[in-house]
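The values are calculated or read from the model by the stated rules, or taken from the named source; none is laboratory data. Computed from a predicted model, the values in this text were never measured in an experiment. Don't worry about glycine lacking a Cβ; one is built from the backbone with ideal geometry, like all the others, and counts go over all protein chains shown. What goes into the accessible areas is simple: the full protein's heavy atoms, side chains included, and nothing from ligands, DNA or RNA. Shrake-Rupley method; radii C 1.70, N 1.55, O 1.52, S 1.80 Å.
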Amino acid sequence: MLHFIFYLERIFSNLISNAVNYSPENTTLKIYSKNGKNKKTVYVKNFFLNFNSDKKGLGLEIVEDLAFKIGAQIKRRKFLNSVTFMVEFPNKS
């Protein structure tokens, strides 16, 4: 259980830190969650100065690895001036 909490903290710490660092000053960062039938999803959305969705930094690779270790999955969706990272947790049966 301690590993789960530690990994979860690292995942969100990294995603939020990157969202803050790559957003223009005085920009709103949106963090919200949704409970679906088969999964729970936490969203981290930011408005960016420059984001290359084709390139993955070391931080995102670490986040994806940690998510895998706790049974979660990281997805990202790029829009015209924003990017949303989704952390999906399957519902336990």
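Table for the structure above
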item: Which of Tyr32, Tyr22 is most accessible, then next, and so on - probe 1.4 Å; result: Tyr22, Tyr32
item: Relative packing of peptides 82-88, 23-29 - highest average C-beta neighbours within 10 Å first; result: 82-88, 23-29
item: Dimensions in Å of the chain - Rg and Dmax from alpha carbons; result: 13.3, 43
item: Vicinal HN-Hα couplings computed from phi for segment 33-43 (Karplus, 6.51 cos²θ - 1.76 cosθ + 1.60; Hz; Gly/Pro x); result: 9, 9, 9, x, 5, 10, 7, 10, 10, 10, 10
item: Under-5 Å amide H pairs with Lys40, H placed in peptide plane, nonlocal only; result: Phe89, Asn91
item: Degrees between helix 2-21 axis and first principal axis of the chain (Cα, 0 to 90, nearest 10); result: 10 degrees
item: The chain: angle of helix 58-69 to the longest principal axis, Cα-based, in degrees nearest 10; result: 20 degrees
item: Mean residue ellipticity (222 nm) of the chain, computed from DSSP H runs ≥ 4 via -39,500 (n - 2.57), nearest 500; result: -11500 deg cm²/dmol
